């Protein structure tokens, strides 16, 4: 089976017995939950504006130029992508971790293009490394459904 096909296969949640006894599996599950919930919540906030009253200030003019519509519409598109990415992590963390890492790479580039958000870009680099770690752990622990039971 190709690596791409393997990365798209759903990975079941581990049994509670295995989860209690294996620290690596615990780490993978914590990362999986985090990288599923965080993008979903950030994506929903692109519509609710609870965390900030103006998400568009975090959108570089270079990225805004390639997105359709206004900056607000662009951020709504970003929100939908983030929600989908979180759902992919939940179902297929091997691929979802890579997807979220790539998305965070784009966010880092966007923040560096704006300027003045180097601190947030550095934080997002750490998050990107965590997403890559999730993907590697999911490959190690999620080779087959019986591996998690």
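Okay, here's what the table says:
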item	result
FRET efficiency estimate (nearest 0.05) - Cβ-Cβ, residue 18 to residue 132, R0 25 angstrom	0.60
Largest to smallest principal axis extent of the C-alpha atoms in region 1-94, angstrom	49, 33, 16
Calculated over region 62-149: convex hull of Cα atoms, volume per residue (Å³)	87
Relative contact order %, region 1-114, counting alpha carbon pairs below 8 Å whose residues are six or more apart	35
Value of [θ]222 nm, deg cm²/dmol, for the chain, DSSP H segments ≥ 4, -39500 (n - 2.57) each, nearest 500	-24500 deg cm²/dmol
Extension gain, residue 109 back to residue 27 (0.36 nm per residue minus Cα-Cα distance, nm)	26.7 nm
Net lengthening on full extension, residue 45/residue 72 (0.36 nm per residue, minus Cα-Cα)	8.5 nm
Over region 40-91, equivalent-ellipsoid semi-axes from the Cα gyration tensor in Å	20, 14, 8
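The numbers here are math on the coordinates, done by the rules we state, and not lab data. The structure displayed is predicted, hence computed values, not measured ones. Positions of Cβ are generated from backbone atoms using ideal geometry, with glycine treated the same way; all protein chains shown enter the neighbour counts.
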